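The values are calculated or read from the model by the stated rules, or taken from the named source; none is laboratory data. Since the structure is predicted, the reported quantities are computational estimates derived from the model, not experimental observations. Positions of Cβ are backbone-derived with ideal geometry, glycine not excepted, and every protein chain shown enters the neighbour counts.
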Amino acid sequence: MPKTLIEPFRIKSVEPIRVTTRAEREQMLAAAHLNVFLLRAEDVLIDWLTDSGTGAMSARQWGAIMEGDESYAGARSFYRLQKVVQDITGMPHFVPTHQGRAAEKVLFSAVCKAGDLVPNNCHFDTTRGNLESMGVEALDLVAAVGLQPATLHPFKGNIDLERLEAVLREHGARIPFGMLTVTNNTGGGQPVSMANIRAYSALLKKYGKPFIMDVCRFAENAMFIKMREPGYEHTSVRAIAQEMFGYADGATMSAKKDGMVNIGGFIVLRSDEWLDAVRSDLIMMEGFPTYGGMAGRDLEALAVGLQEGLDEDYLRYRLRTAEYLGEKLEAAGVGFVKPTGGHAVYIDARTVLPDMPVAHYPAWALCNALYLEGGIRGVEIGSVMFGRRGDDGVEHFHSMELVRLAFPRRMYTQSHFDYAAEVIAEVKEKAAHIRGVKIIKQPKFLRHFTAHFDWV
């Protein structure tokens, strides 16, 4: 039996990508103020900035688009999607939004207030931004092993239950709900075990707190459970996902990830306690409850995509792809978060730039270097994204300096990954010449999206 795991799909439509020179990329990065977010997509060769909404849709999804009902209220496309979501999540109340951060905004606006505290394994950028902009404290309580990039552990996304209980005892009155992000994007796309989900749910119930999951990559997390957690080897991914949802009281999702679509998100709730408030805010921010900021065609594409995202052959290929790139980086002596996650490989910038001061933002510098060397666009998960500048002008730095290479679904082939591995190896060889950066302009929240930089 051949050992090579092939892409479980055939390519039906192609899009050309532009090959640029080093000199051109230097000019384009300078024009973008040394911020890869501000590059034109056409000037990027391999775009691994994000896996959010950037993947390829299937023939079935494109066919479903033609069946979209664009009625303002009560569209059949809504009811078709609602049935799919209810089957997977087991939750009766489905509230569509145009993407995940909108789902967060709507839910948080309905149930949070200034001074509240929300624990999580790790809040990703928009989740944290939505909470902090309301005056809510976003507290990360990932297990200690989740902050050790080189340490091998099957479930580095687990929340630290001992620290969590201490927080619940001390600050319970401030906590409207507990969150859990699956997989843990901030910490390397690392999965959360079913045992941890189950125990977290029980602990929140003990203190009378609802349990809300961020489920952008729930299918990938379910596949990791099947592959790594004893007792689930022979359980279908769909059944594992259903059990995960069974421990929660609600969830937010950016469907642009494991929903396999270019736009879309949702909130699901088990009880109707928050439903009226959520729908009221939805109408103000997004649209009527049966479209919630999405076109009917997008509702149809998502109904198909959620089911395709649970296909085990696809999931096995996807997780193996990240592992494959990790093997290439290991051979080149480049450190990364181990084991590899589902949607991305996270390079540990400190292994490439061990002597660069954190004040020069080594992960951001490495992002720039990857673009300049080979036209690859990744994203910094470090002190620009998760650090902050205090009112006194003092910078507070993040605990890790990572570069995330996030892979759009069903988009790139093995040769793209081989090329990327070669570029990364070359960047490491030239690490002594990589320049750090300084921030010269930044907004108050989510600064990494639009900040301007200069060379140090």
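Would you mention how many residues in the range 50-81 are polar (S, T, N, Q), under 11 Å from residue 302 (Cβ atoms) and under 23 Å from the mean Cα position of the chain (by Cα)?
1
Could you pull out the residue among 415, 383 that is without any contact (Cβ under 8 Å) to a residue 40 or more places away in the chain and closer than 22 Å to residue 43 by Cβ?
One residue alone meets the criteria, 415.
Taking the criterion of being under 15 Å from residue 368 (Cβ atoms), in the same structural domain as residue 422 (by TED's automatic domain parsing) and free of Cβ contacts under 8 Å to residues at least 40 places away in the same chain, would at least one residue in the range 44-55 satisfy it?
No, there is no match, as no residue in the range 44-55 is under 15 Å from residue 368 (Cβ atoms), in the same structural domain as residue 422 (by TED's automatic domain parsing) and free of Cβ contacts under 8 Å to residues at least 40 places away in the same chain.
Restricting the search to the range 106-130, which residues are of a type in the set (Asp, Glu) and modelled with pLDDT of 95 or more?
116, the sole residue that qualifies.
Looking at the range 1-34, which of its residues are surrounded by 11 or more Cβ atoms within 10 Å (Cβ to Cβ) and among the hydroxyl-bearing types (Ser, Thr, Tyr)?
Correct list: 20 only.
Is there any pair linking a residue in the range 144-155 that is part of a loop (DSSP other than H, G, I, E, B) to one that is among the aromatic types (Phe, Trp, Tyr), with Cβ under 8 Å and at least six apart or on different chains, and which?
149/336; 149/346; 154/224; 155/224
If you go through the range 35-76 one residue at a time, how many are loosely packed, with under 15 Cβ neighbours inside 10 Å and within 30 Å of residue 21 (Cα to Cα)?
3
Take the residues in the range 407-419 that are of a type in the set (A, V, I, L, M, F, W, C) and assigned to a loop (DSSP other than H, G, I, E, B), then tell me which one is surrounded by the fewest Cβ atoms within 10 Å (Cβ to Cβ).
411
Here is a yes/no grid of residues against (1) among the basic types (Lys, Arg); (2) in a loop (DSSP other than H, G, I, E, B); (3) closer than 22 Å to residue 27 by Cβ:
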| residue | (1), (2), (3) |
| --- | --- |
| 359 | no, no, no |
| 365 | no, no, yes |
| 368 | no, no, yes |
| 371 | no, no, yes |
| 380 | no, no, yes |
| 385 | no, yes, no |
| 393 | no, yes, no |
| 398 | no, yes, no |
| 405 | no, no, no |
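Just to be sure, is residue 102 under 21 Å from residue 446 (Cβ atoms), surrounded by fewer than 16 Cβ atoms within 10 Å (Cβ to Cβ) and out of contact with any Pro (no Cβ under 9 Å at 6 or more places or on another chain)?
Criteria not met by residue 102.
Just to be sure I understand, how many residues within the range 283-331 are in contact with a strand residue (DSSP E or B) (Cβ under 6 Å, 6 or more places away or on another chain) and of a type outside the set (Asp, Glu)?
7
Is it the case, given these coordinates, that residue 110 is in the same structural domain as residue 208 (by TED's automatic domain parsing), over 25 Å from residue 246 (Cβ atoms) and surrounded by fewer than 20 Cβ atoms within 10 Å (Cβ to Cβ)?
no
Give me a count of the residues in the range 369-411 that are within 30 Å of residue 16 (Cβ to Cβ) and small (Gly, Ala, Ser).
5
Identify all residues within the range 328-381 that are of a type in the set (Gly, Ala, Ser) and farther than 25 Å from residue 439 by Cα; write none if there are none. Quick ask: steps written out before the conclusion?
Applying the first criterion (of a type in the set (Gly, Ala, Ser)) to the range 328-381 yields 331-333, 335, 341-342, 344, 349, 359, 363, 365, 369, 374-375, 378.
Correct list: 331, 332, 333, 335, 341, 342, 344.
Among the residues of the range 121-143, which ones are among the charged types (D, E, K, R) and not in a helix (DSSP H, G or I)?
If the condition is that a residue be among the charged types (D, E, K, R) and not in a helix (DSSP H, G or I), then 137, 140 are the ones that fit.
Restricting attention to the range 298-322, report how many residues are surrounded by 18 or more Cβ atoms within 10 Å (Cβ to Cβ) and among the basic types (Lys, Arg).
Residues in the range 298-322 being surrounded by 18 or more Cβ atoms within 10 Å (Cβ to Cβ) and among the basic types (Lys, Arg): 1 in total.
Going through the range 341-357 one residue at a time, which ones are touching a helix residue (DSSP H, G or I) at 6+ places or on another chain (Cβ under 6 Å), under 30 Å from residue 440 (Cα atoms) and assigned to a loop (DSSP other than H, G, I, E, B)?
353, 356
Filter the helices (runs of 4 or more DSSP H) completely within the range 29-120 down to those with at least 3 residues that are within 18 Å of residue 260 (Cβ to Cβ).
59-65, 76-89
Which of (1) modelled with pLDDT of 95 or more; (2) under 20 Å from residue 343 (Cα atoms) is the odd one out, the single condition residue 4 does not satisfy?
The one condition residue 4 does not meet is (1).
Quick check on my filter: what residues within the range 420-456 are farther than 30 Å from residue 56 by Cβ, in contact with a helix residue (DSSP H, G or I) (Cβ under 6 Å, 6 or more places away or on another chain), part of a helix (DSSP H, G or I) and not small (Gly, Ala, Ser)?
Listed by number, the list holds a single entry, 428.
Kindly list, by first and then second residue, each pair from a residue in the range 58-72 that is within 15 Å of residue 9 (Cα to Cα) to a residue that is charged (D, E, K, R), limited to pairs with Cβ atoms under 7 Å and residues at least 6 apart or on different chains.
58/308; 59/12
Given (1) modelled with pLDDT of 95 or more; (2) under 21 Å from the mean Cα position of the chain (by Cα); (3) part of a loop (DSSP other than H, G, I, E, B); (4) farther than 24 Å from residue 426 by Cα, where does residue 338 come up short, assuming only one miss?
(4)
Could you pull out every one of the helices (runs of 4 or more DSSP H) wholly within the range 193-297 that has 1 or more residues that are buried (at least 24 other Cβ atoms within 10 Å of the Cβ) and polar (S, T, N, Q)?
By residue number, 218-228.
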